[in-house]
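Report on the structure given below.
The values are calculated or read from the model by the stated rules, or taken from the named source; none is laboratory data. If you're wondering where the values come from, they're calculated on a predicted model, not measured in any experiment. Virtual Cβ from ideal backbone geometry, glycine too; neighbours counted across all protein chains shown. These accessible areas exclude ligands, DNA and RNA; they are computed on the full protein's heavy atoms, side chains included. Shrake-Rupley method; radii C 1.70, N 1.55, O 1.52, S 1.80 Å.
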Amino acid sequence: MLIKSGRFFLSLFLALSFAYAQDTAANEDAAFEAAIASMKKDAEAGDAHAAQQVYMRYAVKGDYEQARRWAETYRNLLTKKAEEGDAKAMLVLGTDYLTGKDYTPPDTEKALEWLQRAGAAGEPSAEFIRGELLARKDKKEESAQAYAHAFTLYTDALGKTPQDATLRYWVGYMQLCGLGTQQNTEAALALLTPLAEDGHNWACSLLYKTYAEGTLLPGDEAKALGFAARAADATHDGLMAYAVAAAYLQGKVLPKDEAKGEHYLDIAAKENVPNAIYAKAQRLLQKKKPADAVGYLRQAASMGNVAATEQLGDLLLTGAEGLAADEAQALTLLQHAATRYNSAAAALRLARYYDEHSEDSLAGTWFEIASRLGAPEAMAKRGLMHLNPFSGLSWSPTECYRWWKTGSAAGDSTCRLYLNLFYFVFIPLVLILAFGLPAYVAHRLNKRAEK
């Protein structure tokens, strides 16, 4: 009776929980629909931007069917505006078809068509993008015409609004690169340098790159880093900040300055530059602060930095002062680095770990993987495995020789030692066994026959 009563109350609890969950979901859906009701009304009245906002809200919510439906509405409204002669709509439609944005199927030909129409309607960016696209297709003459038209449109617009920073940048960029016009470094710098000095991010990045590479402008790393510092100071550009940080910390182009280096490194790390985040972790490790470094290593590892993934795995495997070991997480990280990023160092670390813990099968597997990924130390072990009939690998002196020779060529002293033993001990022993023993047996048989 008690069991039946317990089952009844459990069933009642589950039913009430399910009903509550349904009511909660329904309330959330109702609140969501109420929040976007006005946007839907505007979209249904023909507002393309409102339709775009609706589709994006549904996409964030995870209702992909509704997102796709409203994205189609957005594309239809955008197409209608473009057909009516809206140059901006033509440009957006062209770039959507070019990149496959907003659930728009990529279609290069449609992209070119809409970009050309936008250019004809006076949109310079459309002609510039069309020039880039045609250049990639190796249509040099058509590309040159598109660039020339873009340059004309940009310069005409600049003549009407000479203080427009974006127009100044594009005219200067095209003059510097010789796109759509003759290359004119002096005129380009007259437009770009004042922009960069005011902290215009694009201008700073362009001048940093060109002075650093020494292609379009004479190479001057100090001047390049000056523009990078302006971009970092004015707009917190992470990549520019990291370049400046590296220069101050290494003391190669700029005078070594730890304080300034840390300042720019912090900017780059806050702007989520993976290498800067990893460098921040390294500096904390150098200061014997592994517990503080772990957070940065985790962040860099989550962004695909292989070295951070390897180092975090290694730190958690052994632990450190102020940092507890976590073998399970460490092994997961190292396996991730070895299998996803093909890290030889991570595979070798796993092989050593399992070897130290006498897990021969797993150790052999990871030594095999590490050797294939190019770790010379693993090649020494793999050669031995090819001589061990119980290792799981084929018994093969040829394969043994191949791995030891490869490891020796890579500079591994153990492989070189094993290779010398192979040359001067193994091969002579095989020859003695192959030819000397039969000769000895034949000699003894002959002696017995003579008696």
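Structure data summary
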item	result
Test: A293 is assigned to a helix (DSSP H, G or I) and crowded, with 24+ Cβ neighbours inside 10 Å	yes
Filter pass, T73 being within 30 Å of R168 (Cβ to Cβ), at pLDDT 90 or above and in a helix (DSSP H, G or I)	no
Residue list for segment 328-366, filter: in a helix (DSSP H, G or I) and open to solvent by 80 Å² or more (accessible area, probe 1.4 Å)	T332, T339, R340, R352, E356, D360, S361
Selection status of S371, crowded, with 20+ Cβ neighbours inside 10 Å and polar (S, T, N, Q)	yes
Among (1) over 25 Å from the mean Cα position of the chain (by Cα); (2) crowded, with 17+ Cβ neighbours inside 10 Å, the one test that A212 misses	(1)
Pairs with Cβ under 8 Å, 6+ apart, first in segment 41-65 and in a loop (DSSP other than H, G, I, E, B), second open to solvent by 80 Å² or more (accessible area, probe 1.4 Å)	G46/K80
Contacts under 7 angstrom Cβ, first residue in segment 86-97 being free of Cβ contacts under 8 Å to residues at least 40 places away in the same chain, partner assigned to a helix (DSSP H, G or I) and open to solvent by 30 Å² or more (accessible area, probe 1.4 Å), 6 or more apart	M90/R117; L91/S125; L93/T79; T95/I129; Y97/K110
Only one of G62, G6, G100, G85 that is modelled with pLDDT under 85, within 30 Å of R117 (Cβ to Cβ) and surrounded by fewer than 18 Cβ atoms within 10 Å (Cβ to Cβ)	G100
Filter result for the condition that a residue is touching a residue at least 12 places away in the same chain (Cβ under 8 Å), more than 22 Å from A224 (Cβ to Cβ) and out of contact with any Cys (no Cβ under 7 Å at 6 or more places or on another chain), over G122, G172, G159	G122
Odd one out for A144, checked against (1) open to solvent by 50 Å² or more (accessible area, probe 1.4 Å); (2) among the small types (G, A, S); (3) more than 34 Å from the chain's Cα centre (by Cα)	(3)
Residue tally, condition surrounded by fewer than 17 Cβ atoms within 10 Å (Cβ to Cβ) and either touching a Leu at 6+ places or on another chain (Cβ under 7 Å) or of a type in the set (A, V, I, L, M) (or both), over segment 28-55	7
Residue that is modelled with the lowest pLDDT, among those in segment 375-418 that are among the hydroxyl-bearing types (S, T, Y) and crowded, with 17+ Cβ neighbours inside 10 Å	S391
Which listed residue, of A245, A232, A301, is assigned to a helix (DSSP H, G or I), surrounded by 23 or more Cβ atoms within 10 Å (Cβ to Cβ) and modelled with pLDDT of 95 or more	A245
Criterion: in contact with a His (Cβ under 9 Å, 6 or more places away or on another chain) and within 19 Å of E33 (Cα to Cα) - qualifying residue of Y74, Y64	Y74
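To keep it simple, each residue is scored yes or no on (1) touching a Leu at 6+ places or on another chain (Cβ under 6 Å); (2) closer than 22 Å to I277 by Cβ.
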site	(1), (2)
Y208	no, yes
E213	no, no
G219	no, no
F227	yes, no
M240	no, yes
A246	no, yes
G261	yes, yes
